[in-house]
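Worksheet for the structure shown next.
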Amino acid sequence: VVEVLGAAAAEIRPALSGLDVSLVVNPAWAAGLASSLRTGLDRALALAPDLAAVIVALADQPGLPDGHLDQLMARHRAGGCTAVASLTDGAPVPPLLFDRSWFERLRALRGDVGARALLREHPAEIATVPLASNADLDTPEDYTRFTR
């Protein structure tokens, strides 16, 4: 597990102390999401150069159902796709699984663009796994609603 930290790295790092994760700080976090994807992928490949696939997950999705990542991996292993997206309300959302054939495409992203842009460009390569609840906590209001 690679955890990419950015603007609040100093505040977040202590909360991850003792966990079996590889922490990496994205010094270019202000450049947008794409720089964090590159930073995480580069660290994952440094740790495991023969890595066959990655799952891109967000730290602000606390309601992710148990076993969902296993479902993404199982769908990929079933074949017929090079990427697997979680699907909520008809839209692809993280977590997302990308096999090695996507690594250079992910590394080529720039700006405040996530992997979703790539999914729209290559729909024939993508399978989906339903995700019933997608609590993505981007604001204090999102957090308040989630904790109710």
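Between the alpha-carbon centres of region 52-100 and region 9-49 there is a gap of 19 Å.
Placing unit charges on C-beta atoms (Lys and Arg positive, Asp and Glu negative, everything else neutral), compute the dipole magnitude of region 75-148 about its Cα centre in debye, rounded to 20. Don't jump to the answer; show the numbers that get you there.
Numbers: 10 positive and 10 negative charges, 53 e Å.
Charge dipole, region 75-148, about its Cα centre: 260 debye, nearest 20.
Which of rounded, prolate, oblate describes region 22-104, given a ≥ b ≥ c as roots of the alpha-carbon gyration tensor eigenvalues and a/c under 1.5 marking rounded, otherwise prolate only if a/b is larger than b/c? Since a/c reaches 1.5 but b/c is at least a/b, the shape of region 22-104 is classed as oblate.
Grab the other residues whose beta carbon is less than 15 angstrom from that of Leu131, score K and R as +1, D and E as -1, and report the net.
Values: positive: Arg75, Arg116; negative: Asp60, Asp66, Asp70, Asp89, Asp136.
Result for the neighbourhood of Leu131: -3.
Roll a 1.4 Å probe over the protein chains and send me the accessible area per residue for the chain in Å². List each step's numbers first, then the result.
Details: 8620 Å² over 148 residues.
Computed with neighbouring chains in place, this is 58 Å² per residue.
What does the charge count near Gly6 come to, summing +1 for each Lys or Arg and -1 for each Asp or Glu among other residues with Cβ under 13 Å from its Cβ? Its environment carries a net charge of -2. Counting charges near Leu87 (Lys, Arg +1; Asp, Glu -1) among other residues having Cβ under 13 Å from its Cβ returns a value of +1. Take Ser35: with every protein chain present and a 1.4 Å probe, its accessible area is about 10 Å².
In terms of overall dimensions, the chain has a Cα radius of gyration and Dmax of 15.3, 43 angstrom.
Heavy atoms only, probe 1.4 Å: what % of the accessible area of the chain goes to carbon and sulfur, would you let me know?
Details: 4790 of 8620 Å².
Of the solvent-accessible surface of the chain, carbon and sulfur hold 56 percent.
Using only alpha carbon pairs under 8 Å that are at least six residues apart, calculate the relative contact order of region 61-122 and give it in whole percent. Display every interim value, and only then the final one.
Working: 43 pairs, mean separation 13.8, N = 62.
RCO, region 61-122: 22 percent.
If each DSSP helix of 4+ residues adds -39,500 (n - 2.57) and the sum is divided by the residues in the chain, what number results at 222 nm, nearest 500 deg cm²/dmol?
Working: 6 runs with 49 residues, N = 148.
Rounded to the nearest 500, it is -9000 deg cm²/dmol.
Pairs of Cα atoms under 8 Å, at least six residues apart: use those to get the relative contact order of the chain, whole percent.
25
When the surface is traced with a 1.4 Å probe over the full set of protein chains, Thr139 keeps roughly 60 Å² accessible.
Evaluate the charge dipole of region 22-98 about its Cα centre and quote only its size in Debye, nearest 20, assuming +1 on the Cβ of each Lys and Arg and -1 on the Cβ of each Asp and Glu.
Working: 4 positive and 6 negative charges, 37 e Å.
Once rounded to the nearest 20, the dipole reads 180 debye.
On the principal axes of its alpha carbon atoms, region 64-117 extends 31, 24, 18 Å, with the longest extent given first.
With +1 on the Cβ of every Lys and Arg and -1 on the Cβ of every Asp and Glu, and nothing else charged, how large is the dipole of the chain about its Cα centre, in debye rounded to the nearest 20? Before the final figure, lay out each step's value.
Numbers: 13 positive and 18 negative charges, 60 e Å.
About 280 debye.
The values are calculated or read from the model by the stated rules, or taken from the named source; none is laboratory data. Bear in mind the structure is a predicted one, so any value in this text is a computation, not a measurement. Cβ coordinates were reconstructed from backbone atoms using ideal geometry, including for glycine residues, and neighbour counts include every protein chain displayed. Heavy atoms of the whole protein, side chains included, go into the accessibility calculation; ligands, DNA and RNA do not. Shrake-Rupley method; radii C 1.70, N 1.55, O 1.52, S 1.80 Å.
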